[in-house]
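Chemist: First, the structure itself, so that you have it in front of you.
The values are calculated or read from the model by the stated rules, or taken from the named source; none is laboratory data. Computed from a prediction, not measured in an experiment: that's the story for all the values here. Note: ideal-geometry Cβ built from the backbone for every residue, glycine included; neighbour counts use all protein chains shown. The accessibility values were calculated without ligands, DNA or RNA, using every heavy atom of the protein model including side chains. Shrake-Rupley method; radii C 1.70, N 1.55, O 1.52, S 1.80 Å.
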Amino acid sequence: MSEAIGPQASLWSCFRIQTRVIGALMLREMGTRFGRDNLGYVWLFLEPMMLGGAIGAIHHVTGHSLPGGLEPFTFWVIGYIPYYLFRGIVNRAPAGIVGNQSLLYHRRITVFDIMLSRHLLEGAAVGTALAGYILLFGATANIWPAEPGKMVLGMALMLGLSHGIALLIAAGSVYTELFDRITHLATYLSISFTGAFFMVFWLPTEMQKAVLTIPTVHCFELVRNGLYGTLVPTSFDIPYVTGWVAALNMLGMAALRKARRHLIV
Amino acid sequence: MIRLHDVHKSYPTHFGAKEVLRGVDITFEPGEKVGILGRNGAGKSTLLRLIAGVEHPNSGWIERRMSVSWPLGFAGAMHYSISGADNARFLARIYDKPIRETVEFVENFADLGHYFRMPVRTYSSGMIVRLGFSLSLAVQFDCYLVDEAIAVGDSRFAERARAALADLNARASLLLVSHQAETVRAFCKTAAILQDGRLIRYDDLDQAIAAYQAA
């Protein structure tokens, strides 16, 4: 089989190289995506904040009341922002390798590093946007998160799921343009069943069982539980989602490793 | 040392697989300056990409016991939407080099004037070659993989590139691919010919050039 052999490096020095590469890639990604024009890096979290705020404001104004007496603005914002993370990462996945191929001239930079750095940056941006809203809710309506740790965990699991799916899509995109064509459609259709805009307890028992097989549903419920606490009932199974994250990431890394061998740079 | 073990590479096309390399076995020792001669389409750039690890062989394997540059030519290795200076900063971080010194070195060597602070996509192809070559010198590799593009650039830079390559002293290796015997003669001590997917090595440069021109 074909293997490339380099000077033997210890696991520790490999780890150091990889963290340095990922750090450099994140800085570069910030530079290429947001540049230094007008507000520059502020767009990083302003963009998700604006979208989340717009969705929240529309539902606040139209005044639909929600089961459990939840305030529409907070409900839609904390549903939309984790969804924004998921959609942003998955939609950008088909272009992940193609758009960064010239970087693969440097053997130290792996396809995995490129993908991970993009997703960590996305996670940091969206996480900052969410934190911004939490402060806003606290300052204006005196709604503070019951368990902030659960909100962080929900976002982290969402990042892990999105990252795994994105690795699989990126690997598939090496072989076919199909992913580029259908990913946007798929994420658009997924809005209804990812769990961003409904709560499990609203549904009849049979439906509850069905939607709880979808891993993203658990992430949204976790984030809600972190904010509302026992104000409304939430359902989630952390080991179940963790299993999904592990499986998607293992498959994604294996697929990416195979695709790299066939990639024409 | 770099050693290729029975390396095969083919690309899928609409007319079936196009075999470019059909079993390349060769060893390059530290400090060697080797020219690789081949006609257009012989697979020279493919060979450099495989040695650099940019692409992978279909079968066979490549052993690298020294640090190997990326293939220095017209394409790749940098990001086009950021400036030359930002590329220098980025590569300094990737290869763990001091950032300020690297940027200064590249600015001086590439001699791009105010273009150094402008996005690379605004550069001419000659300027991209200059930037890429300067970046690779700043990183300092044991072995440089050079596409003949380096002989392009404007004459003043070509002169400095020649001086820099000649200056690569006994320690550094050079693999230069070209379709021109004169380019190889200017930089290399020995040569190999890439033909029909195989690489044949000659110890004597004149002998290699004679065989290449006869083919």
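Chemist: Report the residue count in the stretch A:225-242 for those that are open to solvent by 40 Å² or more (accessible area, probe 1.4 Å), under 23 Å from residue A:90 (Cβ atoms) and assigned to a helix (DSSP H, G or I).
Modeler: Residues meeting the conditions: 3.
Chemist: Filter the stretch A:132-170 down to the residues that are under 20 Å from residue A:84 (Cβ atoms) and among the hydroxyl-bearing types (Ser, Thr, Tyr) and list them by number.
Modeler: Listed by number, the residues that qualify are A:133, A:162.
Chemist: Going through the stretch A:157-185 one residue at a time, which ones are within 18 Å of the chain's Cα centre (by Cα) and without any contact (Cβ under 8 Å) to a residue 12 or more places away in the chain?
Modeler: A:185 - this is the single residue of the stretch A:157-185 that is within 18 Å of the chain's Cα centre (by Cα) and without any contact (Cβ under 8 Å) to a residue 12 or more places away in the chain.
Chemist: Let me ask you something else. How do the helices (runs of 4 or more DSSP H) wholly within the stretch B:122-192 filter down when requiring 2 or more residues that are polar (S, T, N, Q) and at pLDDT 85 or above: which remain?
Modeler: Output list reads B:125-139.
Chemist: Does the stretch A:13-21 contain at least one residue that is within 14 Å of residue A:122 (Cβ to Cβ), modelled with pLDDT of 90 or more and assigned to a helix (DSSP H, G or I)? Break it down into steps so the answer makes sense when it comes.
Modeler: Start the filter on the stretch A:13-21 by keeping residues that are within 14 Å of residue A:122 (Cβ to Cβ), which leaves none.
No, the stretch A:13-21 contains no residue that is within 14 Å of residue A:122 (Cβ to Cβ), modelled with pLDDT of 90 or more and assigned to a helix (DSSP H, G or I).
Chemist: Consider residue A:36 carefully, then state whether it is more than 17 Å from residue A:124 (Cβ to Cβ) and modelled with pLDDT under 75.
Modeler: Yes, satisfied.
Chemist: Hey, which of the helices (runs of 4 or more DSSP H) in the stretch B:15-117, taking only ones fully inside, have at least 2 residues that are surrounded by fewer than 16 Cβ atoms within 10 Å (Cβ to Cβ) and either touching a residue at least 40 places away in the same chain (Cβ under 8 Å) or more than 14 Å from chain A (Cβ to nearest Cβ) (or both)?
Modeler: Numbers: elements: B:44-52, B:84-94, B:99-110.
Qualifying helices (runs of 4 or more DSSP H): B:99-110.
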